[in-house]
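Student: One structure, pasted below without further comment.
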């Protein structure tokens, strides 16, 4: 297998990965020998390329532009899955980031010449070849790891089940009865669309908290602080909605107009054609949409032994607390577009300092 060397390997070309690559270039790292970006997708756009066509730019809230390049004007009713991948592609070209794709990384391991604190190199195995690097910035996000909870009877249900990542629009549910599971923005968006053509039920683990005001910088800082505290302790990142609640978006207002926000608590078990609640209530439905979120994609880092007993990777800033060569961006407190931008800059600066220290030590 062809093996190539680079100083810094960036895995993932979503917002966080592109931000990291941009700031590495600004610090003098050249594409190829200085840094290499690998991306599993065949084309630019990150998770945005996989959003349903019904998600228009008018419904996208809180998107922050990539560093150094404004987002061009766009029709608000144009799908986000078209506008933002086009923007990401233009960004890669404008900054000469030379993303290698498709290149899905299966594992990252020690090269055999040392470990944390020794300056040893890392080896990344991918379906496009093998790379060795002195430092790694992991920006794989969560989109490839949809979370499906287990409930008794899930195998017995004869209707259709899909995760929100597989939702393409409400048309396929016309005239049906649909159960939407989850208390986040994706669940509300799906309810707002599906309730117009189908009968819907909505269930969540906890009662939803509806906010009267829009998302504010102060609230954003409280979210970041809470999630940062969890990752410092080595715990898995928590749901943002558990802190922010549901803001008054157009989707939420539309779902309320359609009478789709009458939430039920979680059912006890599924049956062949519906569900049973702890109080004996039963409901029948034809399909379940699990809008139950995602988990960070970090399985390829398992050989490095970074995961704690708590289930997460403990961070110090963007660096893995147990290995300063490894940085995670778009993870935990940086799992938002503004957070991804900042984390990309911070990781590039930290890696630059680390490699400079290694060069001095080896001189």
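Derivation of every value follows stated rules applied to the coordinates shown; laboratory data play no part. Keep in mind it's a predicted model, so treat the numbers as computed, not measured. A quick note on method: Cβ atoms are made from the backbone with ideal geometry, for glycine too, and the neighbour counts reach across all protein chains shown.
Student: Once you keep just the Cα pairs under 8 angstrom separated by 6 or more residues, what percentage relative contact order results for the chain?
Tutor: Values: 749 pairs, mean separation 84.7, N = 363.
Worked out over the chain, it gives 23 percent.
Student: Among 106, 164, rank each residue by its count of other Cβ atoms within 10 Å, from fewest to most, as a rough exposure measure.
Tutor: Fewest to most other Cβ atoms nearby, the residues stand as 106, 164.
Student: Normalising by the residue count of the range 49-95, find the relative contact order in percent from Cα pairs under 8 Å and 6+ residues apart.
Tutor: Numbers: 36 pairs, mean separation 23.6, N = 47.
Over the range 49-95, the number comes to 50 percent.
Student: Still on this structure, please answer the following. Give me the Kirkwood hydrodynamic radius of the range 1-71, using the inverse of the mean 1/r over all pairs of distinct Cα atoms, in Å to one decimal. Don't skip to the answer; put the middle values down first.
Tutor: On the way: mean 1/r = 0.0716 Å⁻¹.
After inverting the pairwise mean of 1/r, the radius is 14.0 Å.
Student: Could you work out how far apart the two model spin labels at residue 30 and residue 73 are, taking each label as a point 7 Å from the Cα in the direction of the beta carbon, and quote it in nm?
Tutor: Result: 4.0 nm between the two label points.
Student: Same structure again: Run the helix sum for the chain: -39,500 (n - 2.57) per DSSP H stretch of 4+ residues, divided by residue count, reported at 222 nm to the nearest 500 deg cm²/dmol. Walk me through the numbers before you get to the answer.
Tutor: Working: 7 runs with 91 residues, N = 363.
Calculated at 222 nm, the ellipticity per residue is -8000 deg cm²/dmol.
Student: If you don't mind, another one. Can you give me the Kirkwood hydrodynamic radius for the range 291-339, using every pair of distinct Cα atoms, in Å to one decimal?
Tutor: Details: mean 1/r = 0.0857 Å⁻¹.
The Cα-based Kirkwood calculation yields 11.7 Å.
Student: Stretched out fully, how many nm does the piece from residue 65 to residue 2 gain, at 0.36 nm a residue minus the Cα gap? Don't jump to the answer; show the numbers that get you there.
Tutor: On the way: separation 63, 0.36 × 63 = 22.68 nm, distance 3.58 nm.
Full extension from residue 65 to residue 2 adds 19.1 nm.
Student: If we sort 49-61, 70-82 on the protection proxy, mean other Cβ atoms within 10 Å, highest first, what's the order?
Tutor: Working: 49-61: 17.0, 70-82: 13.2.
The most tightly packed comes first, giving 49-61, 70-82.
Student: Please report the orientation-averaged projected area of the chain, defined via the convex hull of its C-alpha atoms, in nm². List each step's numbers first, then the result.
Tutor: Details: hull surface 77.1 nm².
Mean orientational projected area (the chain, Cα hull): 19.3 nm².
Student: Now, a different point. If each of residue 295 and residue 168 carries a label point 7 Å out from its Cα toward its Cβ, how far apart are those two points in nm?
Tutor: Computed distance between label sites residue 295 and residue 168 equals 2.8 nm.
Student: Another question about this same structure. What is the fewest-to-most order of 200, 292 by other Cβ atoms lying within 10 Å of their Cβ?
Tutor: Working: 200 27, 292 20.
Result, fewest neighbours first: 292, 200.
Student: How would you rank 150, 87, 331, going from fewest to most other Cβ atoms within 10 Å of each one's own Cβ?
Tutor: Working: 150 6, 87 21, 331 27.
Ordered from fewest to most neighbouring Cβ atoms within 10 Å, 150, 87, 331 come out as 150, 87, 331.
Student: What nm distance separates the two modelled labels at residue 109 and residue 361, each placed 7 Å from Cα along Cα→Cβ?
Tutor: Simple spin-label model gives 2.4 nm for this pair.
Student: If you build the convex hull over the alpha carbons only and average its shadow over all orientations, what do you get for the range 1-137? Give it in nm² to one decimal. Mind dumping the intermediate values first?
Tutor: On the way: hull surface 36.0 nm².
Average of the hull's projected areas for the range 1-137 equals 9.0 nm².
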